[in-house]
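S.K.: My questions will all concern the structure given below.
The values are calculated or read from the model by the stated rules, or taken from the named source; none is laboratory data. What you are looking at is a predicted structure, and each value in this text was computed from that prediction instead of being measured. Cβ placement follows ideal geometry from the backbone for every residue including glycine, while neighbour counts extend to all protein chains displayed.
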C-alpha cells in the first residue's frame, strides 16, 4: 500500500506509534489549501467552516458516534486538559491513575491535583506483572472494584504507550459507573489501530484521541468525546466565537452541546482539519479491514524475525491486535535509553522508539501500511548490528 504515500526509500520508519506519515492525497489537499489561503486569507478563513463540519460528521460516522458529542482539537493532550482541568470541583474527590500512563497525561493529573489540592493516587501495575512481564488486568479490575469511590476520576490509557497493552475499556468503565466514579480515557494510540465503536462505550465518560498516529492524519489533529450523560460535569475553560449564539459564520456548522462548547477557538491553520475529508476518502478507498490486515501481516513477519534473529523477550501481550510491539532489550542497550533510538536514527536511518517500561527502557516497533517486507528484514538486520 506504499503507493498511497510518497516516502524516501533510505529511511525506515518503524515508529508510527509516535506519528505516522499521511497519504499523498492528504498532503496535496493541505498544500493546495495553504496556497489558496495565502492568496485570499479572508475567503480561506470562511471556507474552512463547512469543510470542517463535513469532516466532523464523516469522522463521527467512522467511530459510530453523534457528531454533536465530540470536537476536534490539536492532540489528545489538549482533549485531556479539557476533561481533567475542566471537571467541576464537586464531581472530583480523587484522581486515580497507573504507573504505565504517558508522562504528559500524568503531568495534567498532577497539575490539577496541586492546583486544587485533589489527592492523586497511583495504582502500581508493576505489582501485577508475571515472570514474562505481562500485566494481569483481571487483578487490576479487582483493585478497581475494591478501591474506587464515588467522586473518583480514573485516568487511563486505552492502549499503553510502552508495550501496547489494549485495556478492556468498556468493562473498566462499567466498574467505574457502578462505583460512582468517572473515567477519562487517553486514547492516543487507539483511533485507527482497530475498529473503535463508541456505541459500546455507554459507561465511559470522556475520551481523547489522536488522528496523527494510526488514523494517518496530519500532525496537529485530534479529538475529544464526551458522553451525553457526563456533559454537565465538565466545561470548556476557553471561550470565543462559538461560546454564544452571535457567531454568524458558524451558525450552521458548529453543532450543538459538546461540539459547540469545545469548538476550536480563534485563528489557526485550518488546512490540516479540512484535509480530514481527504483522509476519510483514503480510508474508504483502501478499506478499513484491508488496512488492519496489512498491519497484522507486517507485525507477524517482524515478530518471527525478532524471535529467530535476536531472541529478545516479547513483552506485548496484544501485539496481534495492537500496532505497537515491544521487546525487552539487553542491559547495555536498555541503559543507553533514548541514545539508542537517536543512534539508530543517525547511523542506520532507522526510526524506532525506546520508551520506559516500569523504569527501564525497552524497544518499541510499530510498522504501518507504507512499510513492506523488505523493510522489516532490514530493520532486524540493523538491530542485529547494534547487538554485538
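S.K.: Would you confirm, using the coordinates I've provided, whether residue 303 is under 22 Å from residue 14 (Cβ atoms) and free of Cβ contacts under 8 Å to residues at least 24 places away in the same chain? Walk me through it before giving the result.
M.R.: Numbers: under 22 Å from residue 14 (Cβ atoms): yes; free of Cβ contacts under 8 Å to residues at least 24 places away in the same chain: yes.
Yes.
S.K.: Still on this structure, I have one more. Among the residues of region 158-175, is any free of Cβ contacts under 8 Å to residues at least 12 places away in the same chain, on the phi < 0 side of the Ramachandran plot, surrounded by fewer than 21 Cβ atoms within 10 Å (Cβ to Cβ) and part of a helix (DSSP H, G or I)?
M.R.: The answer is no; no qualifying residue exists.
S.K.: Read through the list (1) part of a loop (DSSP other than H, G, I, E, B); (2) closer than 26 Å to residue 209 by Cβ; (3) modelled with pLDDT under 90, then give the number of the only condition that residue 49 fails.
M.R.: All conditions pass for residue 49, except number (1).
S.K.: So, one more: Examine region 262-269 for a residue that is over 25 Å from residue 34 (Cβ atoms) and either in the same structural domain as residue 218 (by TED's automatic domain parsing) or at pLDDT below 95 (or both), and state whether such a residue exists.
M.R.: Quick first cut of region 262-269, residues over 25 Å from residue 34 (Cβ atoms) only: 262.
After this cut, where a residue has to be either in the same structural domain as residue 218 (by TED's automatic domain parsing) or at pLDDT below 95 (or both) as well, the list is 262.
For region 262-269, residues over 25 Å from residue 34 (Cβ atoms) and either in the same structural domain as residue 218 (by TED's automatic domain parsing) or at pLDDT below 95 (or both): present.
S.K.: Report yes if some residue within region 22-30 is at pLDDT 95 or above, within 19 Å of the chain's Cα centre (by Cα), surrounded by 19 or more Cβ atoms within 10 Å (Cβ to Cβ) and within 28 Å of residue 284 (Cβ to Cβ); otherwise report no.
M.R.: Scanning region 22-30, I find at least one residue that is at pLDDT 95 or above, within 19 Å of the chain's Cα centre (by Cα), surrounded by 19 or more Cβ atoms within 10 Å (Cβ to Cβ) and within 28 Å of residue 284 (Cβ to Cβ), so the answer is yes.
S.K.: Give the residues of region 299-318 that are farther than 19 Å from residue 17 by Cβ and assigned to a helix (DSSP H, G or I), sorted by residue number.
M.R.: If the condition is that a residue be farther than 19 Å from residue 17 by Cβ and assigned to a helix (DSSP H, G or I), then 304, 307, 308, 309, 310 are the ones that fit.
S.K.: When you scan region 61-157 for strands (runs of 3 or more DSSP E) that lie fully inside it, which ones turn up with 1 or more residues that are under 24 Å from the mean Cα position of the chain (by Cα), assigned by TED's automatic domain parsing to the domain that holds residue 233 and surrounded by fewer than 18 Cβ atoms within 10 Å (Cβ to Cβ)? So that I can check it myself, show each step before the final result.
M.R.: Details: elements: 70-73, 94-98, 120-123, 152-157.
Filter on region 61-157 gives 120-123.
S.K.: Related question: Of all the helices (runs of 4 or more DSSP H) wholly in region 195-298, which have at least 1 residues that are within 19 Å of the chain's Cα centre (by Cα) and crowded, with 21+ Cβ neighbours inside 10 Å? Full working, then the answer.
M.R.: Values: elements: 258-261, 271-274, 276-286.
Once the helices (runs of 4 or more DSSP H) in region 195-298 are filtered for at least 1 residues that are within 19 Å of the chain's Cα centre (by Cα) and crowded, with 21+ Cβ neighbours inside 10 Å, what remains is 271-274, 276-286.
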